[in-house]
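What follows is a set of notes on a single structure, which appears directly below.
The values are calculated or read from the model by the stated rules, or taken from the named source; none is laboratory data. This is a predicted model, so every value here is computed, not measured. We place every Cβ from the backbone using ideal geometry, glycine too, and count neighbours over all the protein chains shown. SASA here: full protein model, heavy atoms, side chains in, ligands and nucleic acids out. Shrake-Rupley method; radii C 1.70, N 1.55, O 1.52, S 1.80 Å.
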Amino acid sequence: MLLLRHASAGTRLSSPDVDRFRRLDETGRAVARQLVWSLSDLEITRIVSSPLARCVESVVPLAASRGLVVESCWELAPDVSLDDLLTLLDDLPDPTVVCTHREVFEKLLGWEAVCDKGAAWVLERNGAELVPTLYVPSPAPVVAAERYAARTV
């Protein structure tokens, strides 16, 4: 299972109710497109995501490239209980990408498993426990302005 933190979505908004609508910024959209290539070697049979726009937008290009549908799961929202999260993860097959938030990483893995925006942890099952085994850094974003600057030099 690949536990992915959503890509860059700019600065947190004033309150949790308003922040729920925050979308990816330009860098985040570029990283979402790059995930298609950086994860191309992985078998992925399912993509599930927090229902918040920044998570869904992070995996839409990956899902489209694989002919998959992004499944929205409230159990991946920032304020979910650990029990609800674990129930969902227990039912998912291993070749699944799970896109969620920093708060969920902290609940599941603790502070020691830091994860940058657009990065992921490979989780392996050890009995009933999910163990982080490999950190997958965020792909370097290639944004339109950088591509244009490179062509004009």
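Here are some notes:
- Percent antiparallel among DSSP beta bridges (both partners in the chain, rounded to 5): 50 percent
- Where labels lie 7 Å past Cα in the beta-carbon direction, separation of ALA64 and THR11 in nm: 3.0 nm
- Accessible area expressed per residue, the stretch 14-104, with surrounding protein chains retained (probe 1.4 Å, Å²): 49 Å²
- Taking a Cβ cut-off of under 11 Å around SER81, the surrounding Lys, Arg, Asp and Glu residues balance to a net charge of -3, with basic ones at +1 and acidic ones at -1.
- Carbon and sulfur %, accessible surface of the chain computed with the full protein complex present, 1.4 Å: 56 percent
- Residue (of CYS73, THR96, SER8) at the positive-pole extreme of the chain, dipole from beta-carbon charges: SER8
- Restricting the stretch 62-104 to GluC sites (Glu not before Pro) in coil, as DSSP defines it, with at most 13 other Cβ within 10 Å: none
- Cα pair distances exceeding 20 angstrom across the chain, given as percent: 46 percent
- Peptides 114-120, 61-67, ordered by how many other C-beta atoms sit within 10 Å of their residues on average, highest first, read 114-120, 61-67.
- Here the simple spin-label model places points 7 Å from the Cα toward Cβ, and for ASP83 and ASP19 these points are separated by 2.5 nm.
- Nearest 10 degrees, 0 to 90: helix 82-91 Cα axis against the chain principal axis: 90 degrees
- Taking a sphere under 14 Å around the Cβ of VAL70 and counting the other residues whose Cβ falls inside, with K and R at +1 and D and E at -1, yields a net charge of +1.
- With a Förster radius of 35 Å applied to the beta-carbon distance between VAL142 and GLU103, the computed FRET efficiency rounds to 0.75.
- For the chain, modelled as a GNM whose springs connect Cα atoms under 10 angstrom apart, the maximal fluctuation among PRO51, PRO139, PRO93 occurs at PRO93.
- Using the rule -39500 (n - 2.57) for each DSSP H run of four or more residues, divided by the residues of the chain, the 222 nm mean residue ellipticity is -11000 deg cm²/dmol.
- Positive-end residue of ALA120, LEU130, SER38, charge dipole of the chain with Cβ unit charges: SER38
- When +1 charges are put on Lys and Arg Cβ atoms and -1 charges on Asp and Glu Cβ atoms, the dipole computed for the stretch 21-133 relative to its Cα centre reaches about 560 debye.
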